[in-house]
Amino acid sequence: MSGKTKQLLNPVSNRRSFLNRIWLGLGLVALVQFIGGALAFLVSGSGKKRSDKPLFIDVGPAVDFAPGSVTLIRHGELYLSRFADGGFLALSRKCTHLGCAIAWDEEQKLFACPCHASTFAENGTVIKTPAPRPLDQHPLVIEKGQVKIDIKTRHRRQSFAPEQLTYVVKKG
Ligand code: FES
């Protein structure tokens with residue numbers, strides 16, 4: 001009987017060989033996962049959160065937004081309110097209850113949520129619950145007459161304050 005035939009007939013040797021192959025397979029799987037994780041870490045900028053950076057978009061000249069108007073800014077999924085006194089406020093379109101997209105009702109002059117009927121005033125404060133807090137605010141700047149909104153950043157608010165409004169700075 002040859003050595004190979006003996007080995008095939010030896011159940012202890014076969015079991016050991018089978019277990020060795022399983023360990024080798026598990027080791028390879030762990031190695032592949034480790035390399036994948038390391039690559040993902042490097043590609044994502046050494047583990048830094050990329051989403052923290054602001055992303056301002058130019059939504060147009062301030063003069064294009066009439067005082068007392070509310071405009072849907074589709075790209076950023078937000079609303080731009082311009083108050084009667086000329087102040088601007090950028091509001092998230094996400095309802096603060098469970099995140100449904102709110103809609104501006106021009107007739108009633110309020111934001112309404114289609115999911116559970118919360119309503120919000122022009123400045124984003126809650127008129128009708130279950131929404132627990134005002135609509136989030138996006139940072140907004142006016143540069144050379146152009147309105148720019150940071151579509152990535154949203155600030156939680158507990159109330160509205162006039163300091164949240166941004167005005168066109170008049171020269172001279
Ligand atoms: S998600 Fe808007 S009221 Fe519930």
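The values are calculated or read from the model by the stated rules, or taken from the named source; none is laboratory data. Here the structure is a predicted model, which means the values were calculated and not measured. Every residue, glycine among them, receives a Cβ derived from its backbone with ideal geometry; neighbour counts consider all protein chains shown.
Flag: Ala131 matches the condition of being small (Gly, Ala, Ser), within 16 Å of the ligand (Cβ to nearest atom), modelled with pLDDT of 95 or more and within 13 Å of Thr96 (Cα to Cα). A Cβ distance below 8 Å, combined with a sequence gap of six or more or placement on separate chains, defines the contacts here; from the range 103-119, residues that are assigned to a loop (DSSP other than H, G, I, E, B) and charged (D, E, K, R) reach residues that are buried (at least 17 other Cβ atoms within 10 Å of the Cβ) and modelled with pLDDT of 95 or more in the pairs Glu106/Val70; Lys109/Glu122. Taken residue by residue, the range 53-67 has no member that is exposed (fewer than 13 other Cβ atoms within 10 Å of the Cβ) and within 13 Å of the ligand (Cβ to nearest atom). Would you confirm, using the coordinates I've provided, whether Phe83 is in contact (Cβ under 8 Å) with a residue 60 or more places away in the chain, among the hydrophobic types (A, V, I, L, M, F, W, C) and closer than 14 Å to Glu122 by Cβ? Against the criterion (in contact (Cβ under 8 Å) with a residue 60 or more places away in the chain, among the hydrophobic types (A, V, I, L, M, F, W, C) and closer than 14 Å to Glu122 by Cβ), Phe83 qualifies. Within the range 94-109, the only residue that satisfies the criterion of being more than 10 Å from the ligand (Cβ to nearest atom) and crowded, with 17+ Cβ neighbours inside 10 Å is Trp104.
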